[in-house]
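J.: Can you read through this structure? Questions will come right after.
The values are calculated or read from the model by the stated rules, or taken from the named source; none is laboratory data. No experiment lies behind these values; they were computed from the predicted model shown. No Cβ is skipped: glycine too gets one built from the backbone with ideal geometry, and neighbour counts run over all protein chains shown. Note: areas computed on protein heavy atoms with side chains; ligands, DNA, RNA excluded. Shrake-Rupley method; radii C 1.70, N 1.55, O 1.52, S 1.80 Å.
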Amino acid sequence: MPSHLAVDASAVPALPRSTDHHHHKLVISGGGHLSGHVPISGSKNSALAVLAGALCCSGGAVVVRGVPDISDARAMAAILRSLGAKVQERGGGELAVDSTALSSAEPAADEVRKIRAGFFVLGPLVARLGEAAVALPGGHGKVHVKAANGRGLTGGRFYLDYPSVGASETLMMAASMAEGVSVLTNVAQEPEVADLARFLVACGAQIKGVGTRTLVIDGRRSLHGAEFTVIPDRIETGTFMVAATITRSCVSLSPVIPCHLTSIIDKLSAVGCRISLKGAGILEVGEIWVCCCSCLSMLMPDVLRNNLQVSAATATAGGDLRGLYLRTFPYPGFPTDLQPQFMALLTTCGGPSIVEESVFENRMHHVEELQELGARIEVNGRSAFVKGRTTQRNVALSGSKVEAADLRGGAALVLAGMAARGVTEVVGVHHIERGYENFEAKLLNLGADISREVIC
């Protein structure tokens with residue numbers, strides 16, 4: 001039986017895919033409102049890890065459902081093929097991966113360098129083949145690893161100084177096939193890490209402590225195939241929640257897992273947004289949000305995931321939102337992948353805000369582009385002071401030409417463009433398409449005035 005709910009974003013037809021997204025731009029006419037429903041795709045970060053984890057399965061093919069149609073997922077499929085795995089794209093977000101007969105311990109370097117998740121294949125390769133040579137993502141050089149015994153890995157105890165998602169997932173995959181018991185301490189608790197663990201368990205791995213800081217893994221010589229559906233993308237969900245809020249609109253979203261969104265709901269509520277969770281239980285929230293995750297978690301998880309919707313709106317029609325203090329943290333803290341989008345929102349709120357980035361260095365590239373749109377932001381190291389708008393009637397942003405330098409910053413610029421007065425042009429579309437399935441089409445379906453043009 002497949003795990004989790006079916007994540008189907010097919011309700012929004014994909015726009016024709018260009019062969020070269022580097023020469024396209026998005027043109028946005030701001031000032032409008034959004035309305036309607038957003039079908040949330042499968043999690044990008046979960047899908048990439050699970051696809052890499054399919055290399056652990058020497059005992060049969062894996063069927064992964066809910067894989068978003070994004071360039072990062074296509075790059076991961078190419079990486080698997082370069083290792084000798086057979087990857088079949090069945091449509092509708094379903095991929096079949098047969099890695100029973102790997103032919104290489106060195107994935108295609110040009111594909112690995114496209115995505116950080118390409119490095120995830122290191123653990124499965126060393127565990128299965130006794131060695132691996134993997135290019136460094138985004139740069140030059142390779143990492144060569146060879147098992148001390150020339151055959152495979154041996155379990156042990158590992159403490160992570162920082163709960164890194166990548167390190168947690170790489171060690172988990174390797175330990176699942178290592179000889180003996182491994183204890184991983186201070187691992188990341190992100191939902192995508194737990195999703196990978198559930199996938200490995202579905203394939204025969206013995207993992208205890210899923211979702212906690214400590215994992216105890218009894219290694220198996222080999223894992224078998226399985227069917228698995230990845231969780232909904234909480235970052236895409238948060239991005240569209242911000243889209244609704246920055247345009248002072250109301251939209252619904254499904255499927256979602258509410259406990260994955262606790263910090264996001266908390267911050268949106270703090271700025272003055274109303275959040276409603278509708279499904280097996282109904283919760284309507286006004287200006288003050290009451291935490292409901294402990295109640296929701298007692299219900300059947302699959303029922304909740306299949307029936308929940310999220311809508312966002314200001315507390316009063318035409319009302320103003322207020323600034324706040326925001327600091328990113330590892331899960332369950334506020335996700336760094338939503339910091340740029342939330343900063344764009346705060347430029348439209350009344351009063352000052354402070355944003356601190358504690359997870360990644362150099363994650364303020366979007367600030368300069370937001371300033372091109374009229375945002376009043378001052379950066380000091382990892383902190384940004386956002387002045388916000390001065391009066392309720394004042395429009396904080398004005399359209400301009402800006403460039404996306406990365407995935408989440410690009411999404412933030414699109415959202416800012418929808419809130420700005422006039423026309424905004426965003427180049428660097430290929431960055432956005434790394435992680436958002438049908439982003440432009442979904443916005444169009446909500447009523448956004450957005451179009452794609454060729455850069456002359």
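J.: Along Cα→Cβ, 7 Å out, is where each label goes; now give me the distance between the ones at E368 and C456 in nm to one decimal.
T.: If labels sit at E368 and C456, their model points lie 2.7 nm apart.
J.: From a point 7 Å beyond the Cα of K278 in the direction of its Cβ, which residues of the range 25-49 have a backbone N at a distance under 13 Å?
T.: Answer for this model: 36-38.
J.: Given a 1.4 Å probe, how much area per residue of the range 388-456 is accessible, in Å²?
T.: 40 Å²
J.: Please compute the length gained on full extension between E131 and E179, using 0.36 nm multiplied by the number of residues separating them and subtracting their Cα-Cα distance.
T.: This chain segment gains 15.7 nm when fully extended.
J.: In terms of the Cα gyration tensor, with a ≥ b ≥ c the square roots of its eigenvalues, is the range 67-212 rounded because a/c is under 1.5, prolate because a/b exceeds b/c, or oblate?
T.: Judged from the Cα gyration tensor, the range 67-212 comes out rounded (a/c under 1.5).
J.: Summing Lys, Arg as +1 and Asp, Glu as -1, what charge do residues with Cβ under 13 Å from the Cβ of K208 carry, K208 excluded?
T.: Neighbour charge sum, excluding K208 itself: +1.
J.: Right, here's the next one. Anything over 31 Å Cα to Cα? Flag those among K278/K387; K44/K142; K86/K114; K25/K278; K114/K442, in the order listed.
T.: Too far apart for the 31 Å limit: K278/K387; K25/K278.
J.: A follow-up question, please. Using 0.36 nm per residue of separation minus the Cα-Cα distance, give me the extension gain between Y159 and E89 in nm, one decimal.
T.: That works out to 21.4 nm of additional length.
J.: Using label points projected 7 Å from each Cα along Cα→Cβ, tell me how many nm separate V27 and E361, to one decimal.
T.: Here the answer is 4.1 nm between the modelled labels.
J.: Turning to a different aspect of this structure: Using a Förster distance of 35 angstrom, determine the FRET efficiency expected from the C-beta separation of R322 and R74, and round it to 0.05.
T.: Result of the calculation: an efficiency of 0.25.
J.: Sorting check: for 210-218, 182-190, which peptide has the highest mean count of neighbouring beta carbons within 10 Å, and how do the rest follow?
T.: Order by mean packing, descending: 182-190, 210-218.
J.: To the nearest 0.05, what FRET efficiency results for T390 and D266 with a Förster distance of 35 Å applied to their C-beta separation?
T.: Calculated value: 0.85.
J.: Would the range 143-228 count as rounded, prolate or oblate if I go by the C-alpha gyration tensor, calling it rounded below 1.5 in a/c and otherwise prolate when a/b exceeds b/c, oblate otherwise?
T.: oblate
J.: I'd like the distance separating the alpha-carbon centroids of the range 45-89 and the range 397-456, in whole Å.
T.: With the range 45-89 and the range 397-456 each reduced to a Cα centre, they are spaced 28 Å.
J.: Also, I was wondering about something else. Which value in nm describes the separation of the simple spin-label points at L102 and S398, placed 7 Å from the Cα toward the beta carbon?
T.: 5.7 nm
J.: While we're on this one: What percentage of the solvent-accessible surface of the range 325-456, computed with a 1.4 Å probe over protein heavy atoms, is contributed by carbon and sulfur atoms?
T.: It is 48 percent, rounded to a whole number.
J.: With the Cα gyration tensor of the range 111-185 giving a ≥ b ≥ c as the square roots of its eigenvalues, does the rule (a/c under 1.5 for rounded; else a/b larger than b/c for prolate; else oblate) give rounded, prolate or oblate?
T.: oblate
J.: Also, quick follow-up: Ranked from the most accessible area to the least, with a 1.4 Å probe and all protein chains present, what is the order of R408, R363, R421?
T.: Ranking R408, R363, R421 by accessible area, largest first, yields R421, R363, R408.
J.: Let me ask you something else. Where does the range 405-456 land on Rg/Rh, using Cα atoms and the Kirkwood Rh?
T.: When Rh is taken as the Kirkwood radius, the ratio is 0.92.
J.: Further, regarding this structure: Quick check on packing: order 106-112, 173-179, 29-35, 411-417 by the mean number of other C-beta atoms within 10 Å, highest mean leading.
T.: With the highest mean Cβ count within 10 Å placed first, the list reads 411-417, 173-179, 106-112, 29-35.
J.: For a protection proxy built on the mean count of beta-carbon atoms within 10 angstrom, sort 327-333, 85-91 highest first, please.
T.: The packing order, highest mean first, is 327-333, 85-91.
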